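Notes follow the structure.
The values are calculated or read from the model by the stated rules, or taken from the named source; none is laboratory data. Given the structure is predicted, the values throughout are model-derived calculations rather than measurements. Cβ: placed from backbone, ideal geometry, glycine included. Neighbour counts: every protein chain shown. With ligands, DNA and RNA removed, areas are computed over all heavy atoms of the protein, side chains included. Shrake-Rupley method; radii C 1.70, N 1.55, O 1.52, S 1.80 Å.
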Amino acid sequence: MELDLEQAIAAADQAVAGHTGRHLTDIETEILKGAWQGLTYDQIAAACGYSDSYVRRNVGVKFWRVLSESLGESVSKTSFRESLRRYRQQSGPEPPASAPSPRAPAASNGASEANSGANFGTIAAFPHYVERPPLEQICRETLQQPGALVRIKAPALMGKTQLMEYTLTHLAAGDLRTAVLSFALADRRVHFSNLDRFLRWFCVNISLELGLPNAISEYWDEEGMGSKVSCTSYIEEYVLAASDRPLVLCLDDVDLLFPHPEIYEDFFSLLRSWHEKARRRKRWQQMRLCIVHSTDVYIQLNINQSPFNVGVPLEVLEFSPSQAQTLAQQHGVSPDVDLTPLMDWVGGHPYLLELTFEALSRPGQTLAEILRTAPTEAGIFANHLREHWLEVNGNAELCQALGQVVQAPQPVFIESVYAYPLQRRGLIRLQGNQAEPRCRLYREYLRAQMAATEMSEGA
């Protein structure tokens, strides 16, 4: 029995709904359509009006993982058709008579069924994950300890979110509750406007992640107790009390708070206080924190109130040549392909390597041709490079600082006010106070763009 696109979407929706209690989102449907048509992530992103990195990293990775869990076998962007065909053949074209309900309130032990270890899936849901020993083991073993705190640092697109997701999958299979909250999902104009709004947003979204009803009105007393005490009460007496199972709470993109001292001073001291409570209060031992950020911590915090000088720090580095080779083989690239010229252009940058290997898996693509056009608008990296350029080109001072880095043959000093946003984007590598482009690809592309801008302005 062959499947057409509409049948494939219906089968995927039925599988996901049966497993998670929710249907495919619009962006997940667009990813499935694009993959069916053989489109690249950047083509899917352009059609949907999203950035390539958002579609690939924020939605794509999670979607293929959820679909793998729902189908009971590992699938990816290039290997899902046969699995959907088998699923439809086994379950029939029509949805079950009693459609799954949306996320229900937690049972008496507080564990949402969709988040239980049995339903969370296995590591087979990560067909293109390359381990970086001993990071995974340290992260996993640390977060199994009462009151643990792990800090993961790496620039954008280096794989820290994948490390987090990979680790949480292991932990959930071991019967821990897991919740992920990315601060990139907050509306900065609304939720970052004052501490009370931010903490309310924080608590509500943790509840949603765990399948718990929103009970803010029962615990919040801004005037009487204050926002921080209300938030602590909500987490302790509602979220942690909802289950005997430990909770791993992962906070992603926390450095987005760094420009907002009116929020981060109180919030980060709150996280530190929760970590300290685990020393003397049994319920807080159930909380294990994972803090993920993209830059060095350049904000000023009281040493006794900072969560960034306690716990276990982990840094996600670039792939080694052997790890790059493993990723290539996972994408079906022949082991006979010499990756040395590619590593000369992109180093061990995971995202750029993945883009390359995805391209090589398509008919007619050669590594020589990919590298020939690499720093140009005709190359496979064009959308990614253009996205970086547009981000920095709108800021004259930031662009000038970046120009100093890409023009210099050796690492150079730039002020921290410019170094950290460039580091967060992954455009530069910091060695102490010295900065250099993260890879040759960035240097050559940015040099060309800056030269073209100077010519147009001088004309």
Exercise for the section: Within segment 281-301, identify whether any single residue is surrounded by fewer than 13 Cβ atoms within 10 Å (Cβ to Cβ), touching a residue at least 40 places away in the same chain (Cβ under 8 Å) and hydroxyl-bearing (Ser, Thr, Tyr), and answer yes or no. Expected result: yes
Problem - Selection status of Asn205, out of contact with any helix residue (DSSP H, G or I) (no Cβ under 7 Å at 6 or more places or on another chain) and open to solvent by 10 Å² or more (accessible area, probe 1.4 Å) - result: yes
Practice task
Check segment 187-197 and report whether any residue there is open to solvent by 20 Å² or more (accessible area, probe 1.4 Å), in contact with a Ser or Thr (Cβ under 8 Å, 6 or more places away or on another chain) and of a type in the set (Gly, Ala, Ser).
Solution key: no
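What number of residues in segment 306-351 are of a type in the set (Val, Ile, Thr) and more than 20 Å from His384 (Cβ to Cβ)?
At the first step, the residues of segment 306-351 found to be of a type in the set (Val, Ile, Thr) are 310, 312, 316, 326, 333, 337, 340, 346.
Checking the rest, the ones that are also more than 20 Å from His384 (Cβ to Cβ) come to 310, 312, 326, 337, 340.
So the count comes out to 5.
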Problem - Residue identified as open to solvent by 10 Å² or more (accessible area, probe 1.4 Å), within 30 Å of Ser74 (Cβ to Cβ) and more than 26 Å from the chain's Cα centre (by Cα) among Val337, Val412 - result: Val337
Fill in the blank from the handout: Taking segment 140-166 and keeping residues at pLDDT below 95, among the hydroxyl-bearing types (Ser, Thr, Tyr) and either open to solvent by less than 10 Å² (accessible area, probe 1.4 Å) or more than 15 Å from the chain's Cα centre (by Cα) (or both) leaves none
Practice task
With the condition kept exactly as written, say whether any residue in segment 418-432 is open to solvent by 70 Å² or more (accessible area, probe 1.4 Å) and modelled with pLDDT of 95 or more.
Solution key: no
Exercise for the section: Looking for whichever is in contact (Cβ under 8 Å) with a residue 12 or more places away in the chain and of a type in the set (D, E, K, R) here; the options are Glu354, Glu276. Which one fits? Expected result: Glu354
Completion exercise
Being among the polar types (S, T, N, Q) and part of a helix (DSSP H, G or I) narrows Gln325, Gln300, Gln305 down to just Gln325
Exercise for the section: State yes or no: is Asn214 over 20 Å from Ser273 (Cα atoms), in contact with a helix residue (DSSP H, G or I) (Cβ under 6 Å, 6 or more places away or on another chain) and not charged (D, E, K, R)? Expected result: yes
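Within segment 344-378, count every residue that is part of a loop (DSSP other than H, G, I, E, B), open to solvent by 10 Å² or more (accessible area, probe 1.4 Å) and either in contact with a His (Cβ under 7 Å, 6 or more places away or on another chain) or among the small types (Gly, Ala, Ser) (or both). Quick ask: steps written out before the conclusion?
Here is the first cut: in segment 344-378, the residues part of a loop (DSSP other than H, G, I, E, B) are 347-349, 361-366, 373-378.
If we keep only those that are open to solvent by 10 Å² or more (accessible area, probe 1.4 Å) as well, we get 347, 361-366, 373, 375-378.
Filter once more, so that each one left must be either in contact with a His (Cβ under 7 Å, 6 or more places away or on another chain) or among the small types (Gly, Ala, Ser) (or both): 347, 361, 364, 378.
Total satisfying the criteria: 4.
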Practice task
Select from segment 151-201 the residues that are free of Cβ contacts under 8 Å to residues at least 40 places away in the same chain and aromatic (Phe, Trp, Tyr) and list them in ascending order.
Solution key: Trp201
Problem - Whichever residue in segment 1-40 is outside any helix (DSSP H, G or I) and among the charged types (D, E, K, R) and, among such residues, is most open to solvent (accessible area, probe 1.4 Å) - result: Glu2
Problem - Verdict on Val406 being out of contact with any Ser or Thr (no Cβ under 6 Å at 6 or more places or on another chain), hydrophobic (A, V, I, L, M, F, W, C) and more than 27 Å from His128 (Cα to Cα) - result: yes
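Are any residues in segment 238-278 in a helix (DSSP H, G or I) and farther than 30 Å from Leu157 by Cα, and if so, which ones?
First, pick out the residues of segment 238-278 that are in a helix (DSSP H, G or I): 238-240, 254-257, 261-277.
Answer for segment 238-278, where residues must be in a helix (DSSP H, G or I) and farther than 30 Å from Leu157 by Cα: Tyr238, Val239, Leu240, Ser273, Glu276, Lys277.
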Exercise for the section: Could you list all residues from segment 390-417 that are modelled with pLDDT under 95, in a loop (DSSP other than H, G, I, E, B) and small (Gly, Ala, Ser)? Expected result: Gly394
Practice task
Check segment 357-368 and report whether any residue there is among the basic types (Lys, Arg) and within 17 Å of Arg447 (Cβ to Cβ).
Solution key: no
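From the list Gly394, Gly347, pick out the single residue that is in contact (Cβ under 8 Å) with a residue 60 or more places away in the chain and farther than 26 Å from Leu39 by Cβ. Reasoning before the result, please.
Values: Gly394 fails: in contact (Cβ under 8 Å) with a residue 60 or more places away in the chain.
Checking each option against the conditions leaves just Gly347.
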